[in-house]
Amino acid sequence: MLNWPGSSARNEQKVHTCLVYNEDKSLSSWGYLCEDDDPLKQKREFFKIYLDKQTLDNAHRQGSSKAPSSVNEAQKLVSDYLREIYSHVKATVELHTGIGHVGWHELVVEFIFSVPTTWRSHEIINLFKKCIREAGFGTESQHHTATVELTESEAAAVGTIKNSTIAFHTGDIFLSVDAGGGTTDLALMQVVEAREPFPSLNQINEVDGIGIGSILIDQAFVSMVNSRLSKFPDLMQQLPPDVTDRLVKSERYRTMKHKFGERVYQSTSYKLNLDGAPFNLNHAGARIELGRLVLTWEEMQSLFDPHVDSIIGKIHDQLDWMQRNDVNRSIDYMILSGGLGSSKYVRDRIQHEMMTSPHRSVHQVKVLQAPDSQLVVVKGLLLDRLQKLDSTLAPTLVSRVARASYGVICKTKYDPAIHINEKISMDPYDGERYVLGQIDWLIKKGDSISTIVPIINPYTKIVDPKDTTPSWDCIIMISHLNREFLPRNMSQEGAKQLCMVRSNLTGISHGEMVKKRKSRRLLLQGKKFYLCIFEFRIIVAPAELRFELWFAGQKFSGNHEPIKITWDAAISEMSAD
């Protein structure tokens, strides 16, 4: 889509993350339309990253005046912005297809979203999903769906192998580095099957990300210019109050930033027109010549280098992991994508760093830039979905590495040698002593998880003959500790409750269960009960967990919703009531 409101004839592939509000808090403009709005109105930009409370807290500690006051405010901003995106997409489809408003509801539409790799918490992702629904995605028709499918690093890797001129071979290892506006996401991948046009990939290491992007270069540029101009109060009176905002949004600045490092654009200095300043304005102290601000090559370099250094640090983290885990094969390709990743200066810095790296395995690595670099994540989402639509094919990403450990609260038979000072309970049916509040870790951080085969956990539930609606709660725990430090039970630190899953097997008759009798060691010996044997399946997606209930070899539905999930935020609210 290139027809973003206010983008004129530029045919922009992306639209600015920007909103302008009136005094009464109603929305005045969005996207490119913000550029022509009243500069005295409240402008909000780059707010999606603040759905992450940690990022928001860091911004507040650094004194950022542009960060939202709370996560709730960030959520409103994201919902307002996505609502405008949805309305524009809907109107564009209706216009260009001629289907009209009624036809939109009859169309089968899938909206597919990715999430920043830096978002490791399910709370953030669930909050983002809420924003998506509040904006209208997937809610206007039973034929519409809205899903979060991949992290941005995974989508970039898929877009790279599916839309690249590189002739990949089975076994090739590549590192995808997607450096965009707000984050840089990394994914270390190995080609499992190089068959065109349906390749497949294994994730070798956890996907990783850092809050580094081209937005930080813009912010550093604004700070540098403001610092220079503020030294001369007499000069400031001759300039418009929003001179730096105009400067950072100017075509000349954008071109200078994007072309920096290219041979044909090499210069010892760069000059930027000061919009709104007199054309004959000169000021030696502020280095203004004929209404143009002068920047040296070294000043431009200083805007890039701190952020490129941070990206290189993350690349070295991946290389260190390969060395620690005895990955014998070297990286064949390092593929850069995203707005910042398309910079020639960034590519050259990374290539030079790899050639001089202490990691010999990357001395010959080819550092390349993805074609159509700004759209590689979007194309990755689309191409991954298209491959999944053919049920005879494996998905592009056939395995991923667990970024956290997931377990269930359970009871285990009491062992006095292990279970010291723990709560013990006698089961009224089998007469055995059990220890409560234990954690059975089904998935451990670093495990390779198939995207095709779910995690299957067999369960046996005791059902009283008088119970006509058998259901029970299963508490899912999460931990980000390394696997060797995982807690064994609820009393130990290092894990927290992720969600509660209520399983409902109403509809299964007693005849389908296994009949048993109570232990003869108990007073009520001989009284019958039933064992319901079923499977609790967990599908670990990059941005969510999905649960299924299986009985007698089939996915169970029972004409009702067999699984109900209450996520941790909602649990906390209920506990507070």
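The values are calculated or read from the model by the stated rules, or taken from the named source; none is laboratory data. Because the structure is predicted, anything quoted here is derived from the model rather than measured. Because the Cβ atoms are built from the backbone with ideal geometry, glycine has one as well, and the counts that use them run over all protein chains shown. Keep in mind that these areas ignore ligands, DNA and RNA; they rest on the heavy atoms of the full protein, side chains included. Shrake-Rupley method; radii C 1.70, N 1.55, O 1.52, S 1.80 Å.
Loop-only trypsin sites (Lys or Arg not before Pro) in the range 192-270, please: DSSP not H, G, I, E or B, and at most 11 other Cβ atoms within 10 Å.
Numbers: sites: ARG195, ARG228, LYS231, ARG246, LYS249, ARG252, ARG254, LYS257, LYS259, ARG263; in loops: ARG195, LYS231, LYS249.
Those that pass, being in a loop and sparsely packed, are ARG195, LYS231.
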**OP:** List the trypsin sites (Lys or Arg not before Pro) within the range 304-382 that fall in a DSSP loop (any state other than H, G, I, E or B) and whose Cβ has at most 13 other Cβ atoms within 10 Å.
**Re:** ARG329
Original post:
Rounded to the nearest 500, what is the chain's calculated 222 nm mean residue ellipticity when only DSSP H runs of at least 4 contribute -39500 (n - 2.57) each, over all residues?
Top reply: -9000 deg cm²/dmol
Original post:
Straight-line reach from LYS25: which lysines have Cα under 18 Å away, leaving out those fewer than 8 places along the same chain?
Top reply: LYS41, LYS43, LYS66, LYS76
**OP:** Kindly identify the range 452-497 as rounded, prolate or oblate by the Cα gyration tensor criterion: order the square roots of the eigenvalues as a ≥ b ≥ c, call it rounded if a/c is under 1.5, otherwise compare a/b with b/c, prolate if a/b is larger, else oblate.
**Re:** prolate
Original post:
Which value, in debye to the nearest 20, gives the size of the charge dipole of the range 279-399 about its Cα centre, when Lys and Arg are +1 and Asp and Glu are -1 at the Cβ?
Top reply: 240
Subject >> Heavy-atom accessible area per residue - the chain, 1.4 Å, Å² >> reply: 50
**OP:** Note down the accessible area of PHE485, probe 1.4 Å, to the nearest 10 Å².
**Re:** 130
Subject >> In Å², nearest 10: area of MET236 left accessible to a 1.4 Å probe >> reply: 80
Subject >> Residue-wise HN-Hα coupling along the range 407-423, computed from phi with Karplus coefficients 6.51, -1.76, 1.60 (Hz; x: Gly, Pro) >> reply: x, 10, 6, 8, 10, 10, 4, 5, 10, x, 6, 10, 8, 9, 6, 10, 6
Original post:
How far, in nm, would the chain grow between GLU193 and ARG324 when pulled straight, counting 0.36 nm per residue and subtracting the alpha carbon separation?
Top reply: 44.6 nm
**OP:** Might you report the magnitude of the Cβ-based charge dipole of the range 378-486 about its Cα centre, with Lys and Arg at +1 and Asp and Glu at -1, to the nearest 20 debye?
**Re:** 540
Subject >> Heavy atoms of LEU393: accessible area, 1.4 Å probe, square angstrom to 10 >> reply: 40
Original post:
Not counting the cut sites, what is the longest span of the chain without GluC sites (Glu not before Pro) that DSSP labels loop and that have at most 11 other Cβ atoms within 10 Å?
Top reply: 24-492
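Using only C-alpha atoms and all pairs of different ones, pull out the Kirkwood radius for the chain in Å with one decimal. Please list the in-between numbers first.
Details: mean 1/r = 0.0365 Å⁻¹.
After inverting the pairwise mean of 1/r, the radius is 27.4 Å.
Mean separation of Cα pairs under 8 Å and 6+ residues apart, divided by the residue count of the chain: what relative contact order is that in percent?
10
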**OP:** Please report the relative contact order for the range 188-322, taking Cα pairs under 8 Å with a sequence separation of at least 6, and give it as a percent rounded to a whole number.
**Re:** 21
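Over 30 Å between Cα atoms, which of LYS48/LYS445; LYS130/LYS555; LYS14/LYS53; LYS130/LYS366 qualify?
Numbers: LYS48/LYS445 27 Å; LYS130/LYS555 27 Å; LYS14/LYS53 26 Å; LYS130/LYS366 41 Å.
Going by Cα-Cα distance, LYS130/LYS366 fall outside the 30 Å limit.
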Original post:
Of the trypsin sites (Lys or Arg not before Pro) in the range 15-86, which ones lie in a loop per DSSP and count no more than 11 other C-beta atoms within 10 Å?
Top reply: LYS25
Original post:
For the range 99-247, with only Lys/Arg (+1) and Asp/Glu (-1) charged at the beta-carbon, what is the dipole magnitude about the Cα centre, in debye rounded to 20?
Top reply: 320
Original post:
Carbon-plus-sulfur fraction of the accessible area of the chain, 1.4 Å probe, in percent?
Top reply: 52
